[in-house]
Amino acid sequence: MIHKYKLNGYNIVLDTNSGAVHMFDDIAYDIVDNLKEPTSAELDKSIFEKLSLKYGETEIKDTYREIYKLYVDGQLFSSDPYERMASSLKDAPIKSMCLNIAHDCNLRCEYCFAAKGDFGKGRELMPFDIAKQAIDFLIEKSGKRHNLEVDFFGGEPLMNFDVVKQTVDYARSIEKKYNKNFRFTITTNGLLLTDDKIEYINREMSSVVLSLDGRRNINDRLRITPNGKGSYDTIVPKYQKLVKTRGDKDYYVRGTFTKYNLDFTNDVLHLNSLGFDQISVEPVVSDMRLDYSIKESDINAVYSEYEKLAKEIIDRIDTNKSFNFFHFMIDLDQGPCAIKRLRGCGCGNEYIAITPNGDIYPCHQFVGMDDWKMGNLVDGTFDYKMKDYFSKANVYSKPECKKCWAKFYCSGGCNANNFQYENSIFTPHKISCDLEKKRVECAIMIKAYEAMSKS
Amino acid sequence: MKHVKTLNKANLKESAIVGGCGECQASCQSACKTSCTVANQKCERQNSVKVSH
């Protein structure tokens, strides 16, 4: 399987199964454009005659020789050894946990998937006793996994910050005993950040996600307080202070774009102008009936905007205005292994979410859906059949993914979104797929630029 | 090669043989969890190598 596309003056050809990324010149691209698979050392006569109208005989033959060598070397139209591996994937130890430390929020963002903070189940803060049991549960179910992740989430986790600190202290107090290494992360809307909290987060959290949608008018249209006021002016100075004192630890300023700001490049650049260089702005995933939803009819506009953003990023490379855009970051050589790429989403299998009352769900997106409750920490129940069900979701058990060129970059999408909008975790959410493929194309185009500028 | 430039090592198949240790960051691809995804993740072993050097 290959995928070929032209973008920003580059002819790019990807070989899905080997992971090879090639840049072709025009004649090579025209040849492969006419080729099903170069199984013969000689170019098919009809293709040769067609290309002879445009290129010389020697040039065609020389170029085809290079293409055929790629094929022989397993870097073009290469075979697929992965399906058998996918079918033998088993359920894995749980290594990652989303702790919904607060089912409450001090914002009422219009697009919130969590029913504006309480997940439709009433406002509630997690007591330390539940958080402690969650840490014990994670250690117990993690088997031999050494690195364990805990993400403090909500709602707004800063509304229950004392329990965050108690939980970190508890996990740190027992991690050596069980030969574990905890990595904590937190996702916040920033309203309750203080100097003390900033200092704590920068010391204890391996990554922090700071929610902000971009320009003031864009952010304040949807990210509003219960009184209907915008949040921008309160949070921006706090984020700037946090980032300034964060050192080289990971962080992301993360925004959502909607139909209201399909020109989201302006929001990304605005975030950069505020001093942030680790930026993620993602499409809203929502019911199509809502005004702000991104619909099929918006896709081409979003594609154009991603291209515009990619070109802007190229223009800023090696300047003091360079920044990382999370979804254009890609490592073509040292990314995850193929086994990892078979089953991207770990939900319900190696990743779970815990609610304030100890309920266990496959992930934060499933929280509140009674049919998907996996158990409860207090009564000691846990549904291993459901865990097994999620462990079987991979790019070969999802028919659309199996035939997709991008399957080893995306790894099957978000299982919760698949269920919410396509009624099955095994059916990828179409708009998300379309946008993900475009982002991968842009990310690889940026790599092509970097390669060309070095040579 | 004159007409083709390959940008990477194309080592995905090799990674299937030596990979699968499971120590890397868990992946989540829902939009609200920018903290984790797949294509931009690092291999934990590669991280270890970098740290130890």
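Just to confirm a number: summing +1 for Lys and Arg and -1 for Asp and Glu over residues other than residue A:262 whose beta-carbon lies under 12 angstrom from that of residue A:262, what do you get?
That sum, taken over residues with Cβ under 12 Å, equals -1.
To the nearest 20 debye, what is the magnitude of the charge dipole of the range A:127-251 about its Cα centre, counting +1 on the Cβ of each Lys and Arg and -1 on the Cβ of each Asp and Glu?
Rounded to the nearest 20 debye, it is 300 debye.
Tell me which of A:227, A:212, A:171 sits at the most positive position along the dipole axis of the range A:146-285, charges placed on C-beta atoms (Lys, Arg +1; Asp, Glu -1).
It is A:171.
Out of all DSSP beta bridges with both ends in the protein assembly as shown, state the antiparallel percent to the nearest 5.
In the protein assembly as shown, DSSP labels about 40 percent of beta bridges as antiparallel.
So how far, in whole Å, is the C-alpha centre of the range A:135-177 from the one of the range A:21-59?
Using only Cα atoms to place each centre, the spacing works out to 57 Å.
Report D for the range A:93-252 in µm² per second (integer): Stokes-Einstein, Kirkwood Rh on Cα pairs, 25 °C, 0.890 mPa s.
Value of D from the Cα-based Kirkwood radius: 150 µm²/s.
Loop only by DSSP, 13 or fewer other Cβ within 10 Å of the Cβ. Give me the trypsin sites (Lys or Arg not before Pro) in the range A:105-152 that pass, ordered by residue number.
In loop regions of the range A:105-152 (DSSP not H, G, I, E or B), the sparsely surrounded trypsin sites (Lys or Arg not before Pro) are A:144.
Using alpha carbon coordinates only, what is the Rg to Rh ratio of the range A:1-89, with Rh defined as the Kirkwood radius?
1.03
So if the hydrodynamic radius of the range A:168-318 is defined as the Kirkwood radius over C-alpha pairs, what does Stokes-Einstein give as its diffusion coefficient at 37 °C and 0.692 mPa s, in µm² per second?
191 µm²/s
For the range A:45-177, what is the charge dipole size about the Cα centre, in debye to the nearest 20, if Lys and Arg each add +1 at the Cβ and Asp and Glu each add -1 at the Cβ?
Its charge dipole is roughly 300 debye.
Rounded to the nearest 20 Debye, what is the dipole magnitude of chain A about its Cα centre when Lys and Arg each give +1 and Asp and Glu each give -1 at the C-beta?
For chain A, the charge dipole is close to 700 debye.
Please name whichever of A:357, A:112, A:269 sits farthest to the positive end of the charge dipole of chain A, dipole taken about the Cα centre and charges placed at Cβ: Lys and Arg +1, Asp and Glu -1.
Result: A:357, furthest along the dipole toward the positive end.
Scaled to the compact-protein estimate 2.2 N^0.38 Å, what is the alpha-carbon radius of gyration of the protein assembly as shown, rounded to two decimal places?
After normalising by residue count via 2.2 N^0.38 Å, the value is 1.01.
Once the whole set of protein chains is in place, how much accessible area is left on residue A:169, using a 1.4 Å probe, in Å² to the nearest 10?
Here the residue's solvent-accessible area equals roughly 100 Å².
Using only the alpha-carbon atoms, what does the range A:294-418 span along each of its principal axes? Please give whole angstrom values in decreasing order.
57, 36, 34
For the range A:370-455, what does the relative contact order come out to in percent, with C-alpha contacts under 8 Å and a separation of six or more?
Answer for the range A:370-455 is 18 percent.
Give the value in nm², to one decimal: projected area of the alpha carbon convex hull of the range A:39-152, averaged over all directions.
Result: a mean projected hull area of 15.4 nm².
The values are calculated or read from the model by the stated rules, or taken from the named source; none is laboratory data. Predicted model, so just to flag it, every value in this text is computed and none were measured. Please note: Cβ atoms are built from the backbone with ideal geometry, for glycine as well, and neighbour counts cover all protein chains shown. Side chains are part of the model used for accessible areas, which takes the heavy atoms of the whole protein and leaves out ligands, DNA and RNA. Shrake-Rupley method; radii C 1.70, N 1.55, O 1.52, S 1.80 Å.
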